[in-house]
Amino acid sequence: YFKWGDQSMLFYWLFSCERAALASGLKYFGSQNWYAEGAEFLLGQQEADGGWGSIIRTSWAIVFLAKGRSPILLNKLRFDGAWNQHPNDAANLARAVSERKEQPMRWQVISLDAPVEEWHDAPLLYISAESELPLHAEFKRKLRQYSHSGGTIPFEATCGNPKVDAFWRTTCRGLWPALGLRTRTY
């Protein structure tokens, strides 16, 4: 059905990247922004009639472009330390909201190193921690910038860890001294 020299394999490979990224929540494969680079390639290959030369390539291109950029409900913050004790938490929340809204919603993993503009891919920056976070001055600045420009930061001290909970409360008082801290215990 396919020949290895056929460009259709590249379109199938892009489709496969989209599926892997959505399942894992990864915005990057290594340092490569899979969606931005794939979309740039596809749009550069699009023909005047709006297709990509064959029904198969056009189908994979459309799936990549449409599903790869579904709205992102939340970013889960990756940091040095125990940040992913419950690896399905963000995926389960995105799935539940998708079902209730009857609209596909995604989640993604984002790192401390990403610019705040990328944190704004989603309205929520979810932080789940089993240990204290490495809060250097740049990270604190980013947290304040994200929240002051419309982002919301739900934080979970994994399994109700009291040391991490106390650390986060102290951190919040230092980062946002003029704001009252609202917490909810489940």
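The values are calculated or read from the model by the stated rules, or taken from the named source; none is laboratory data. Given the structure is predicted, the values throughout are model-derived calculations rather than measurements. Surface areas here come from the heavy atoms of the whole protein model, side chains and all, with no ligands, DNA or RNA. Shrake-Rupley method; radii C 1.70, N 1.55, O 1.52, S 1.80 Å.
Sequentially through the range 119-132, phi angles give Karplus couplings (6.51, -1.76, 1.60; θ = phi - 60°) of 4, 7, 4, 9, x, 10, 10, 7, 10, 10, 9, 9, 9, 5 Hz, Gly and Pro residues having no value and appearing as x. Along its three principal directions, the equivalent ellipsoid of the range 96-138 from the Cα gyration tensor extends over semi-axes of 26, 14, 7 Å, largest first. Our coupling estimate for the range 145-154, obtained by passing each phi through the Karplus curve with A = 6.51, B = -1.76, C = 1.60 and θ = phi - 60°, is 4, 4, 6, 6, 9, x, x, 10, 10, x Hz, Gly and Pro reported as x.
Phi angles across the range 57-69 convert, under the Karplus curve 6.51 cos²θ - 1.76 cosθ + 1.60 with θ = phi - 60°, into 3J(HN,Hα) values of 4, 4, 4, 5, 5, 5, 4, 4, 5, 7, 6, x, 10 Hz, Gly and Pro given as x. Protein heavy-atom accessible surface, 1.4 Å probe, per residue over the chain: 59 Å². Any chance you could check the Cα centroid distance between the range 39-68 and the range 99-161 for me, in angstrom? Taking the Cα centre of each part, the range 39-68 and the range 99-161 sit 32 Å apart. Put simply, the C-alpha atoms of the range 17-88 give a gyration tensor, and the ellipsoid matching it has half-axes of 30, 12, 9 Å, longest first. Dividing the convex hull volume of the alpha-carbon atoms in the range 65-140 by its residue count gives 93 Å³ per residue. Rounded to a whole number, what % of the accessible area of the chain do carbon and sulfur atoms account for, probe 1.4 Å? After summing per-atom areas, the C and S share lands at 55 percent. Only bridges with both residues in the chain count here: give the DSSP antiparallel percent, nearest 5. Counting DSSP beta bridges with both partners in the chain, the antiparallel share is about 10 percent. Convex hull volume per residue, computed on the Cα atoms of the range 121-175, equals 79 Å³. Report, in degrees rounded to the nearest 10, the 0 to 90 angle that the Cα long axis of helix 162-175 makes with the longest principal axis of the chain. So the inclination is approximately 90 degrees. Near the amide H of Ile72, within less than 5 Å, lie the amide hydrogens of Arg106, all on another chain or at least 5 residues away, with H placed in the peptide plane. Its Cα gyration tensor gives the range 81-186 an equivalent ellipsoid. The semi-axes, each the square root of 5 times an eigenvalue, are 23, 17, 14 Å from largest down. Each of (i) 60, 30, 28; (ii) 40, 38, 32; (iii) 162, 36, 36 is a candidate for Cα extents along the principal axes in Å; the one calculated from this structure is (i).
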